[in-house]
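Following: one structure in structure tokens, then a few remarks.
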Amino acid sequence: MILLRRLLPVVLLAATFAAIWRSGLPDQLTWSGLGRNQALLTAWVVAHPLLSRIGYVGIYTLSTALSLPQAVLLTIAGGLLFGAIVGTALAAVGATAGATILFLVARSALGEPLSRRGGETVANLRGALHRDGFSYLLAIRLLPVFPFWVVNLAASVSGMRLRSYVFATLIGVIPGTFVFASLGSGVGDVLAAGRTPDLSIVFTLPVLGPLVALALLSLIPVAWKKWKASNA
């Protein structure tokens, strides 16, 4: 019975993934699809402001929980449809909710077997997150150098508290999300012309510099703790 209860979230997530894949929704989440439908989507957002926001958060949550590769596109779509500020808030909530679902699922009976398959990367992250979970996770979210699912897995099997995980994820994804949502608020003409937005600006020093600085600042408590230990 206990094993069945632990496996149930995994089964539900797999069933959801299969249903969404069969529906063809991932095939619609493309730059060309967004360009073709932006006028229709914009009109729907104007006509149904509350429902459209709830629907957007739901789609973003499912996309994150299922580790679909459309996170950047969805974030830019949020900026396009809702503006940079509201789009950032909605995407951050969806990303945090989806990541939390993955975190809880990874704590099921499949958590340890999956962590072993993650290899040395998961093992190293697991140790760091166990010692200084909030600071490390915040830094990783601010400057995502590891795949999202790997971080979620390592955090779940490290014994990190759910509350720390949720807050570090929410705070950590906001700056990067704002960058993409701001980009999305000005790409309407590009998408309408059938072109793909140029994302190279995201990798320039004016954008990456502040993210790196924030990531380093989040690690100050870890450095302070190590310095105190070395001088004890």
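When Ser52, Ser32, Ser63 are checked against the criterion of being under 18 Å from Val187 (Cβ atoms) and either modelled with pLDDT of 85 or more or part of a helix (DSSP H, G or I) (or both), Ser32 stands alone in meeting it. Determine, yes or no, whether Gly184 is within 24 Å of Ala95 (Cβ to Cβ) and surrounded by 13 or more Cβ atoms within 10 Å (Cβ to Cβ). Yes: the conditions hold for Gly184. Listed by first and then second residue, the pairs with beta-carbon distance under 9 Å, at least 6 apart or on different chains, first residue in the stretch 53-67 and buried (at least 22 other Cβ atoms within 10 Å of the Cβ), second assigned to a helix (DSSP H, G or I) and of a type in the set (Asp, Glu), form an empty list. Residues of the stretch 136-191 being more than 13 Å from the chain's Cα centre (by Cα) and among the hydroxyl-bearing types (Ser, Thr, Tyr), which ones? Selection gives Tyr136, Ser156, Ser158, Ser164, Ser182, Ser185. Ala39 - would you say it is of a type in the set (A, V, I, L, M, F, W, C), in a helix (DSSP H, G or I), on the phi < 0 side of the Ramachandran plot and touching a Phe, Trp or Tyr at 6+ places or on another chain (Cβ under 9 Å)? When the stated conditions are applied, Ala39 does not pass them.
Candidates in the stretch 112-152 are the residues that are of a type in the set (Gly, Ala, Ser) and either touching a Gly at 6+ places or on another chain (Cβ under 7 Å) or modelled with pLDDT of 80 or more (or both); of these, the one that is farthest from Leu68 (Cα to Cα) is Ser135.
The number of residues in the stretch 190-232 that are surrounded by 10 or more Cβ atoms within 10 Å (Cβ to Cβ) and in a helix (DSSP H, G or I) comes to 25.
Residues being exposed (fewer than 15 other Cβ atoms within 10 Å of the Cβ), of a type outside the set (S, T, N, Q), farther than 18 Å from Gly98 by Cβ and modelled with pLDDT under 90 are represented in the stretch 153-175 by at least one member. Restricting attention to the stretch 82-109, which residues are of a type in the set (A, V, I, L, M, F, W, C) and touching a Ser or Thr at 6+ places or on another chain (Cβ under 6 Å)? Selection gives Ala84, Ala91, Ala92, Ala95, Ala97, Ala99, Phe103, Ala106. For Val72, are the conditions met, namely being hydrophobic (A, V, I, L, M, F, W, C), within 11 Å of the chain's Cα centre (by Cα), surrounded by fewer than 19 Cβ atoms within 10 Å (Cβ to Cβ) and modelled with pLDDT under 95? Yes.
The values are calculated or read from the model by the stated rules, or taken from the named source; none is laboratory data. Because the structure is predicted, anything quoted here is derived from the model rather than measured. Please note: Cβ atoms are built from the backbone with ideal geometry, for glycine as well, and neighbour counts cover all protein chains shown.
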